[in-house]
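**Student:** Got a structure here, written out as structure tokens. Questions coming.
The values are calculated or read from the model by the stated rules, or taken from the named source; none is laboratory data. Quick caveat, the model's predicted, so the values are computed rather than measured. Here the Cβ is made from the backbone with ideal geometry for all residues, glycine too, and neighbour counts use every protein chain on show.
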Amino acid sequence: MNQEEVVDALAGLSLFADLRRPQLEAAAHTFSEESFAPGQRILRQGFQGTGFYVILDGEVSVQIDGKDRARLGKGDFFGEMSILLGEPPVADIVALGALHALHLSGPELQGFLQQNPAVMYRMLQSVARRLRNANRWGN
Amino acid sequence: MTNRRRASVASTAEAKPHPPGDYPVVVVGSGPGGLQAAYVLKHLGIDHAVISADPSPGGMFRRFPFFQRLLSWTKPHAPYPQKTREYEWYDWNSLLAVEPENRSLMPPLMDGTSEFPSRPEMEAGLSAFAGQAGIRIRHDTRWEATSRDGDRFIVHTADGDYRAKVVIFAVGVAQPWTPSTPGVEHVAHYVDTREASSYRGKRLFIIGKQNSGFELASGLLHWASRIILASPRPATLSVNLHSLAGVRARYVQPWEDSNLGGGCFILNASIERIERHEDGITVHTRRSDNGEPFMAEVDEVIAATGFQAPLGDLTELGVTVFGQSRLPAMTNFYESATVPGMYFAGTIGQGVAGLKKFGIPANSGAVHGARYNTRLMAEHVAETHFGWVRERPVIRHEDAADFLLTEATTAPELWNQKSYLARAISRGSGGTLHDEGIVSLADFVDSGGPDAIAITIETDDTGDIHPAVYVRRRGRVDGDARLDGSPLHEYRTTAHRRELLSLARGVIRGS
Amino acid sequence: MALDTNAKREWMARVALFRGCSPDALERLAERMGEVEFPAGHHIVTQGQVGSGLYILVTGRARVLRGDDLIADLEPGDFFGELAVLDQMPRSATVIALEPTTCLGLASWDLIAELERDPQLALNLLRELAGRIRFLEDQYIY
């Protein structure tokens with residue numbers, strides 16, 4: 001995709017749904033597009049310095065010790081937990097087919113969220129949903 | 001058809017080697033990537049043809065960069081002598097060779113006034129390499145189209161067809177790209193920039209705040225009366241990012257001028273449309289911070305908006321491309337992820353991101369990183385298609401830690417391609433250790449294999465440079481470990497040895 | 001116990017959720033936060049009910065229960081109730097005062113307005129939630 005196409009793709013993802021065009025363009029220039037071959041790991045259990053990814057196209061498997069625990073697809077994002085906590089991921093993220101994703105480095109994520117509170121609010125809602133689904137804690 | 005064409009060029013065989021026909025491998029391109037790939041194939045004894053649309057070697061360095069010198073250093077005086085492997089870290093612009101006489105060709109060609117070569121010096125260096133290393137290139141032979149015939153690729157040229165099971169495209173990432181903004185016809189691309197003095201007294205608008213935009217601004221700073229640099233994303237500096245991804249130190253002058261308010265301006269804005277009128281050009285922008293419109297009156301607009309890989313009709317054969325630069329989706333060995341047998345050399349290899357730890361990319365978009373990727377790719381081709389067997393010398397257990405720490409301290413592959421290439425030792429049957437050579441770190445940590453240990457150099461988010469160690473046990477690498485940094489990057493110490501051996505438990509004996 | 005705006009602001013500055021927030025943000029929050037006192041044994045929030053705010057425990061102690069399962073005991077500086085604000089679903093647990101307990105309460109709309117206005121508060125909350133998810137060791141996280 002070129003940057004214009006990335007802007008259109010971002011506009012269709014719920015995480016970026018509240019951004020206006022100039023903000024979407026800045027976001028499209030901030031993220032870089034990456035491609036992964038089937039079977040490649042994108043996040044690696046126990047590895048430091050990981051990034052934040054938003055899936056543009058394709059599907060990934062969330063694996064702990066090689067066991068499939070969940071699937072993520074277009075529009076889903078991952079990597080933010082490790083960056084926010086400053087700890088390595090406790091799961092592998094593995095491309096199931098050819099995967100296209102947008103990448104933002106860990107050090108850049110915090111600045112991006114602070115400049116785009118609307119994206120952060122969407123991310124908060126998503127994390128809150130996950131916490132509720134974790135079904136043990138929260139209220 | 002092919003035979004007739006072959007006959008017609010027979011008389012010029014000296015001037016035009018590699019006539020159309022069947023070859024084990026065809027390499028397309030005669031820039032650094034094509035030359036490096038051809039060199040390694042030749043060295044490994046794999047017959048191949050090299051074709052190039054250009055009249056001489058050099059690739060993009062026959063034209064770029066315009067005003068400035070290259071961004072990559074060749075330091076004539078270094079801690080290690082020229083022609084050694086270790087010197088490659090101090091000489092980013094020479095291609096790799098095994099024979100000492102073909103190494104370090106750049107330093108003697110440079111006039112000594114700068115450690116950054118000029119464009120003609122770089123072009124001369126690449127020509128010298130092709131000549132000295134005996135790389136024969138069929139010039140003025142443009143790859144026009146590509147097709148399949150069973151398990152073979154057919155590379156069509158005006159001279160005739162080339163057939164091969166393996167094709168290596170080394171065509172660079174130098175095809176100008178301009179966004180489809182309304183009024184883009186009033187915009188010149190970076191590649192169409194004229195001689196600097198022709199911008200005397202002009203008000204200039206440069207779209208793009210990457211190195212090419214800042215290179216133009218630096219080169220035109222004392223000619224233009226006003227320079228505006230604009231793009232949606234704030235510019236970043238290499239010294240802040242700890243990598244070559246940001247604006248290089250050499251091009252910071254326009255930034256300083258803008259901080260002082262001195263006729264150079266840096267805007268974060270998206271470009272909405274460009275209108276020509278009798279007094280000049282109006283650029284309509286929208287500011288990224290508050291969404292407000294902003295207009296600039298200028299005389300000329302230049303788009304420093306980047307380049308794409310000129311992959312021609314390869315997508316019709318099934319090659320998937322991605323990103324602004326339309327890079328092919330590739331494996332860790334630079335083979336198309338969707339069309340087996342098709343490989344890529346040179347700067348196109350930047351499409352293989354690797355681990356990108358702490359967001360820091362490898363240097364695959366420049367000669368100093370790409371040359372190692374290309375060597376890895378060509379060796380992989382030799383291994384998987386032509387039965388070449390890599391030598392895996394035995395390493396004594398008591399020498400293993402010192403061997404790895406010496407690599408961490410001096411290996412040019414590890415320093416040029418941080419967190420991307422690594423030195424690995426594997427443990428074979430009976431516990432014998434073998435040197436696996438330079439490996440792709442992503443392949444090492446993801447592909448399984450015997451118990452092994454790999455060492456690389458990494459930079460973290462604070463800018464600290466240190467060795468990192470990855471240990472594979474029972475086919476898995478479960479985490480990374482960093483060794484301590486060192487003020488002068490010397491890791492051959494007792495403390496590092498102790499730390500490394502404790503990480504290598506079960507792989508290196510005596511740990 | 002009656003906290004004036006100043007006292008509330010000073011107290012909030014020591015709570016992890018508000019770390020790094022601007023003095024202006026703390027001032028706005030302090031003005032909008034109401035002090036609520038609960039006797040021992042009182043249900044501060046009840047699982048399954050619709051909730052409309054965030055609570056920060058100032059003095060006392062409270063227990064978080066899901067059904068009959070003890071989830072956690074809360075101490076001064078801890079907060080609860082944010083999930084119902086963020087996803088507007090019913091309360092996912094019950095919180096009972098274990099002793100006379102004072103909380104600061106912030107209405108949903110005031111919290112949302114402040115989250116949109118102060119990225120630091122949103123980032124702190126995001127970190128806190130991420131930490132809680134990671135704490136659930138039988139759950140995957142990534």
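**Student:** Can we say residue B:42 is within 22 Å of the chain's Cα centre (by Cα), surrounded by fewer than 24 Cβ atoms within 10 Å (Cβ to Cβ) and in contact (Cβ under 8 Å) with a residue 40 or more places away in the chain?
**Tutor:** Here the answer is yes, as residue B:42 does meet what is asked.
Residue-wise test of (1) farther than 18 Å from residue B:89 by Cα; (2) away from chain A (no Cβ under 14 Å); (3) under 11 Å from the mean Cα position of the chain (by Cα).
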{"residue": "B:352", "(1), (2), (3)": "yes, no, yes"}
{"residue": "B:369", "(1), (2), (3)": "no, yes, yes"}
{"residue": "B:377", "(1), (2), (3)": "yes, yes, no"}
{"residue": "B:384", "(1), (2), (3)": "yes, yes, no"}
{"residue": "B:399", "(1), (2), (3)": "yes, yes, no"}
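For every residue, the table says whether it meets (1) out of contact with any Pro (no Cβ under 6 Å at 6 or more places or on another chain); (2) of a type in the set (A, V, I, L, M, F, W, C); (3) crowded, with 18+ Cβ neighbours inside 10 Å.
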site	(1), (2), (3)
B:302	yes, yes, yes
B:315	yes, no, no
B:352	yes, yes, yes
B:357	yes, no, yes
B:361	yes, no, yes
B:383	yes, no, no
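**Student:** If you take the residues of segment B:91-117 that are among the polar types (S, T, N, Q) and modelled with pLDDT of 95 or more, which of them is farthest from residue B:410 (Cα to Cα)?
**Tutor:** Here is the first cut: in segment B:91-117, the residues among the polar types (S, T, N, Q) are B:93-94, B:102, B:104, B:113-114.
Subset that is modelled with pLDDT of 95 or more: B:93-94, B:102, B:104.
Numbers: B:93: 18, B:94: 17, B:102: 20, B:104: 16 Å.
The selected residue is B:102.
**Student:** When you go through (1) within 14 Å of another protein chain (Cβ to nearest Cβ); (2) in a helix (DSSP H, G or I); (3) more than 30 Å from residue A:87 (Cβ to Cβ) one by one for residue B:365, which number turns out not to apply?
**Tutor:** With respect to (1) within 14 Å of another protein chain (Cβ to nearest Cβ); (2) in a helix (DSSP H, G or I); (3) more than 30 Å from residue A:87 (Cβ to Cβ), residue B:365 is out only on (2).
**Student:** To continue, here is another question. In segment B:244-254, is there at least one residue being in a strand (DSSP E or B) and within 30 Å of residue B:142 (Cα to Cα)?
**Tutor:** No: segment B:244-254 contains no residue that is in a strand (DSSP E or B) and within 30 Å of residue B:142 (Cα to Cα).
**Student:** Would you say residue C:37 is within 29 Å of residue C:89 (Cα to Cα), without any contact (Cβ under 8 Å) to a residue 40 or more places away in the chain and more than 13 Å from the chain's Cα centre (by Cα)?
**Tutor:** no
**Student:** Would you be able to tell me the number of residues in segment C:11-25 that are over 15 Å from the mean Cα position of the chain (by Cα) and either surrounded by 14 or more Cβ atoms within 10 Å (Cβ to Cβ) or more than 14 Å from every other protein chain (Cβ to nearest Cβ) (or both)?
**Tutor:** 4
**Student:** Continuing with the same structure: From the residues in segment B:447-469 that are within 26 Å of residue A:83 (Cβ to Cβ) and in contact with a Gly (Cβ under 8 Å, 6 or more places away or on another chain), which one is farthest from the other protein chains (Cβ to nearest Cβ)?
**Tutor:** B:465
**Student:** Also, I was wondering about something else. From the list C:75, C:82, which residue is within 11 Å of chain A (Cβ to nearest Cβ), of a type in the set (Asp, Glu) and under 14 Å from the mean Cα position of the chain (by Cα)? Give the derivation first.
**Tutor:** On the way: C:75 fails: within 11 Å of chain A (Cβ to nearest Cβ).
The match here is C:82.
The rows are residues; the columns are (1) within 19 Å of residue A:50 (Cβ to Cβ); (2) of a type in the set (D, E, K, R).
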residue	(1), (2)
B:453	no, no
B:462	yes, no
B:474	no, yes
B:494	no, no
B:502	no, no
B:505	no, yes
B:508	no, no
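**Student:** Select from segment B:108-139 the residues that are touching a Lys or Arg at 6+ places or on another chain (Cβ under 8 Å) and closer than 16 Å to residue B:71 by Cα and list them in ascending order.
**Tutor:** Let us first name the residues in segment B:108-139 that are touching a Lys or Arg at 6+ places or on another chain (Cβ under 8 Å), namely B:114-119, B:123, B:133-135, B:138-139.
Selection gives B:114, B:115, B:116, B:117, B:118, B:119, B:123.
**Student:** If you don't mind, there's one more thing I want to ask. Can you name the residue in segment A:33-62 that is at the interface with chain B (Cβ under 7 Å from one of its Cβ atoms) and assigned to a strand (DSSP E or B) and is also surrounded by the fewest Cβ atoms within 10 Å (Cβ to Cβ) among such residues?
**Tutor:** From segment A:33-62, those at the interface with chain B (Cβ under 7 Å from one of its Cβ atoms) are A:33-35, A:37, A:40-41, A:44-49, A:51; that's our starting set.
Now drop any that are not assigned to a strand (DSSP E or B), which leaves A:33-35, A:41.
Working: A:33: 23, A:34: 22, A:35: 25, A:41: 20.
Here the answer is A:41.
**Student:** Could you check how many residues of segment B:66-85 are over 20 Å from residue B:302 (Cβ atoms) and of a type in the set (A, V, I, L, M)?
**Tutor:** The total comes to 2.
**Student:** Kindly indicate the residue of segment B:414-445 that is touching a residue at least 60 places away in the same chain (Cβ under 8 Å) and assigned to a helix (DSSP H, G or I) and also farthest from residue B:490 (Cα to Cα) among those meeting that condition.
**Tutor:** Checking each candidate, the answer is B:431.
**Student:** Taking segment B:477-510 on its own, how many of its residues are more than 14 Å from every other protein chain (Cβ to nearest Cβ) and over 19 Å from residue B:427 (Cβ atoms)? Before you say what the answer is, go through the steps one by one.
**Tutor:** First, pick out the residues of segment B:477-510 that are more than 14 Å from every other protein chain (Cβ to nearest Cβ): B:484-502, B:504-510.
Okay, now just the ones that are also over 19 Å from residue B:427 (Cβ atoms), so B:484-496, B:498-499.
Count: 15.
Per-residue answers, yes or no, for (1) of a type in the set (Gly, Ala, Ser); (2) in contact with a Pro (Cβ under 6 Å, 6 or more places away or on another chain); (3) under 15 Å from residue A:30 (Cα atoms):
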| residue | (1), (2), (3) |
| --- | --- |
| B:210 | no, no, yes |
| B:242 | no, no, no |
| B:249 | yes, no, no |
| B:273 | no, yes, no |
| B:294 | no, no, no |
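**Student:** Separate question: Which residue is farthest from the other protein chains (Cβ to nearest Cβ), if the candidates are limited to segment B:243-290 and must be among the basic types (Lys, Arg) and either within 28 Å of residue B:361 (Cβ to Cβ) or free of Cβ contacts under 8 Å to residues at least 60 places away in the same chain (or both)?
**Tutor:** Filtering first and then ranking leaves B:250.
**Student:** Also, quick follow-up: Tell me which residues, restricted to segment B:13-61, are modelled with pLDDT under 95 and either in contact with a Ser or Thr (Cβ under 7 Å, 6 or more places away or on another chain) or among the aliphatic types (A, V, I, L, M) (or both).
**Tutor:** B:13, B:15, B:58, B:59, B:60
**Student:** Then there is this: Just to check your reading of the model, which residue among B:410, B:406, B:456, B:462 is among the β-branched types (Val, Ile, Thr), modelled with pLDDT under 95 and within 29 Å of the chain's Cα centre (by Cα)?
**Tutor:** Matching residue, one of B:410, B:406, B:456, B:462: B:462.
**Student:** Looking at segment C:37-63 only, could you name the residues that are under 18 Å from residue C:111 (Cβ atoms) and either among the small types (Gly, Ala, Ser) or surrounded by 15 or more Cβ atoms within 10 Å (Cβ to Cβ) (or both)?
**Tutor:** C:44, C:45, C:51, C:52, C:53, C:54, C:55, C:56, C:57, C:58 - these are the residues of segment C:37-63 that are under 18 Å from residue C:111 (Cβ atoms) and either among the small types (Gly, Ala, Ser) or surrounded by 15 or more Cβ atoms within 10 Å (Cβ to Cβ) (or both).
**Student:** When you scan segment B:130-226 for strands (runs of 3 or more DSSP E) that lie fully inside it, which ones turn up with 1 or more residues that are under 30 Å from residue B:25 (Cα atoms) and out of contact with any His (no Cβ under 7 Å at 6 or more places or on another chain)?
**Tutor:** Passing ranges, in order: B:143-149, B:152-157, B:160-164, B:166-169.
**Student:** Which of the residues belonging to segment B:293-324 are assigned to a loop (DSSP other than H, G, I, E, B) and either touching a helix residue (DSSP H, G or I) at 6+ places or on another chain (Cβ under 8 Å) or within 9 Å of chain A (Cβ to nearest Cβ) (or both)?
**Tutor:** Scanning segment B:293-324 gives B:304, B:305, B:306, B:309, B:320, B:323, B:324.
**Student:** Given the conditions (1) buried (at least 19 other Cβ atoms within 10 Å of the Cβ); (2) within 14 Å of chain A (Cβ to nearest Cβ), and given that residue B:218 satisfies all but one, which numbered condition is not satisfied?
**Tutor:** (2)
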